[in-house]
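Here the structure comes first, spelled out in structure tokens, and everything after it is commentary.
The values are calculated or read from the model by the stated rules, or taken from the named source; none is laboratory data. A quick note: this is a predicted structure, and the numbers were derived from the prediction, not measured. Heads up, the Cβs are rebuilt from the backbone with ideal geometry, glycines too, and the neighbour counts pull from every protein chain shown. Side chains are part of the model used for accessible areas, which takes the heavy atoms of the whole protein and leaves out ligands, DNA and RNA. Shrake-Rupley method; radii C 1.70, N 1.55, O 1.52, S 1.80 Å.
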Amino acid sequence: MAASRLPTSKSGLYTDPRPDWLAQRKEEVLDSARPIVDPHHHLWDRGGQRYLIEEIVSDIASGHNVIATVYVEARSMYRAQGPEALRPVGEVEFANGAAAMSASGGYGPAAVCAGIVGHVNLLLGEGARPVLEAEIAASQDRFRGIRHSSAWDADADVAGMYATRPKGLLLDSTFRKGFACLAPLGLSFDAWLFHPQIGELTDLARAFPDTRIVLDHCGGPAGIGSYANRREEIFPAWKRSILEIAKCPNVVVKLGGLAMRLLGYDFHERPLPPSSEELAAAWRPYVETCIEAFGPQRSMFESNFPPDKGQCSYQVIFNAFKRIAAPCSEAEKTALFSKTATDFYRLKLG
């Protein structure tokens, strides 16, 4: 198979997966019959890093009962030609192609890419609408919303590839004109940012109460660069921001993204991959805070693969989530692992 010539996209926030290292940790799958909708993963083939439908299907096959997934934008397979504004439509076409492959039944029972979150540059203002309409048309009724990453930090060691992105994007008046195009088209917004920016998203959510928003990756708690070795100081500030944004009924939260380097844990540097018990212990304060703030009906577990694959396998990450959710009722577990995601992204399953 010919290798992709697309350049790598190094964010600096996660570690590339190492299959041989991950293979050292095998676990019995917990609660193996529980249906899971994974509402956040990527697909890409660039810079020698390949994670396409074969790879995610292989991860899914490690034992958990994943019935469907949602593709989230990752600047994959943009069109190389044509108007700049329309080039992200290529990513929707690509994800929809993976969904069509999955729908053939030849890649296992899970409906991979049952929902698609693409990208449109909302700084186009009102000009974002025709691009959104083009992505809707390209998706064969799988397109559910967009993500326009607003992650930014003054410390380049934290921000990585986002260091050159605009500060205060969510407060920008032109951005908000573009954002206003989402709700009339029935589309949602995935928000990817770092924890000091949660207040900006809260302001946006209050200004657009009819637009459905999901806060990705527990709000991006940072523990590297200038935030390193300050967990006891930073956690309360992050928690206050979570409690405040959870007051917005149009916002839900994704529970994951915690196996990236961003959080500040060194699991990827250890001789053996972490166990689900170790991960659950590290992540429980963040996940439990989010669940308590938003409630299970507005919370959903996510893999964030392949970025989170830098620290653990698919088998282990969902075991960790199941350990954290163990005290929850059956209805709460159903919400956390499948129903919230199915409802938010309006997935048509079965």
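Checked against (1) surrounded by fewer than 21 Cβ atoms within 10 Å (Cβ to Cβ); (2) in contact (Cβ under 8 Å) with a residue 24 or more places away in the chain, Val92 passes all but condition (1).
So which residues in region 50-63 are touching an Asp or Glu at 6+ places or on another chain (Cβ under 9 Å) and within 18 Å of Ala23 (Cα to Cα), if there are any at all? Scanning region 50-63 gives Tyr51, Ile56, Ile60, Gly63.
Against the definition (open to solvent by less than 60 Å² (accessible area, probe 1.4 Å), under 15 Å from Val251 (Cα atoms) and in contact (Cβ under 8 Å) with a residue 24 or more places away in the chain), how does Leu185 come out, yes or no? When the stated conditions are applied, Leu185 does not pass them. Filter region 244-276 down to residues that are among the acidic types (Asp, Glu) and within 21 Å of Pro306 (Cα to Cα) and give me whichever is most open to solvent (accessible area, probe 1.4 Å). Filtering region 244-276 for residues that are among the acidic types (Asp, Glu) and within 21 Å of Pro306 (Cα to Cα), the one most open to solvent (accessible area, probe 1.4 Å) comes out as Glu269. Looking across region 1-11, just one residue is charged (D, E, K, R) and either under 15 Å from Pro306 (Cβ atoms) or at pLDDT 95 or above (or both), and that is Lys10. When we screen Glu330, Glu292, Glu288 for residues that are surrounded by fewer than 23 Cβ atoms within 10 Å (Cβ to Cβ), farther than 25 Å from Ser241 by Cα and without any contact (Cβ under 8 Å) to a residue 60 or more places away in the chain, the only hit is Glu330.
For region 12-48, the candidate set comprises residues that are basic (Lys, Arg) and in a loop (DSSP other than H, G, I, E, B); within that set, the residue that is modelled with the lowest pLDDT is Arg18.
Quick one: how many residues across region 131-181 are open to solvent by 30 Å² or more (accessible area, probe 1.4 Å), among the acidic types (Asp, Glu) and assigned to a loop (DSSP other than H, G, I, E, B)? The total comes to 3.
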